[in-house]
1. Quick check on this structure: which one of 5, 42, 29 is touching a Lys or Arg at 6+ places or on another chain (Cβ under 9 Å), at pLDDT below 95 and under 14 Å from residue 93 (Cα atoms)?
2. Can you tell me which of 55, 69, 51 is out of contact with any Asp or Glu (no Cβ under 9 Å at 6 or more places or on another chain) and among the hydrophobic types (A, V, I, L, M, F, W, C)?
3. Please specify each residue of segment 24-38 satisfying the condition of being surrounded by fewer than 20 Cβ atoms within 10 Å (Cβ to Cβ) and either touching a Pro at 6+ places or on another chain (Cβ under 9 Å) or under 13 Å from residue 83 (Cα atoms) (or both).
Amino acid sequence: AFAASNKGSVQIVDPVTVSGKQLRPGDYSVKWDGSGPNVELSIMQGKKVVATTPARVIDLSQTPNSNSAVVKTNDDGSRSLSEIHFGGKKYALAIGQETAAMDGSSGNSK
């Protein structure tokens with residue numbers, strides 16, 4: 001079981017989309033509420049929340065050495081954040097595929 005509020009950090013190296021919001025490369029802090037598996041994830045830059053999205057707490061078979069962002073390339077070539085892994089933790093956050101699939105109207109073509 002997980003505590004009601006959890007925190008972590010992640011570095012984004014390429015622009016990615018989360019729930020229709022474009023995140024620029026940089027360091028972000030993340031916070032999620034809920035006792036899982038389904039949680040509400042807030043992604044913050046400084047004290048400002050830049051995106052919120054439903055996420056799922058998933059178990060990992062191996063403990064990663066460091067925090068990392070898993071990015072998925074969509075059919076239209078855009079990139080979405082799909083998972084966040086935390087160094088030293090045997091769990092990760094999977095960001096809702098359903099949400100990404102429904103949000104085909106980002107309009108951020110480069």
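The values are calculated or read from the model by the stated rules, or taken from the named source; none is laboratory data. Keep in mind that what you see is a predicted model, and the values were worked out from it rather than measured. Every residue, glycine among them, receives a Cβ derived from its backbone with ideal geometry; neighbour counts consider all protein chains shown.
1. Unique residue meeting the criteria: 5.
2. 51
3. 24, 25, 38
One line per residue, one yes/no per condition, for (1) more than 13 Å from the chain's Cα centre (by Cα); (2) of a type in the set (A, V, I, L, M):
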{"site": "10", "(1), (2)": "no, yes"}
{"site": "29", "(1), (2)": "no, no"}
{"site": "40", "(1), (2)": "no, no"}
{"site": "47", "(1), (2)": "yes, no"}
{"site": "50", "(1), (2)": "no, yes"}
{"site": "53", "(1), (2)": "no, no"}
{"site": "56", "(1), (2)": "no, no"}
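Results for (1) closer than 15 Å to residue 9 by Cβ; (2) assigned to a strand (DSSP E or B); (3) touching a residue at least 24 places away in the same chain (Cβ under 8 Å), shown as yes or no for each residue.
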residue	(1), (2), (3)
22	no, yes, yes
30	yes, yes, yes
41	yes, yes, yes
50	yes, yes, yes
69	yes, yes, yes
77	no, no, no
80	no, yes, yes
89	yes, no, yes
92	yes, yes, yes
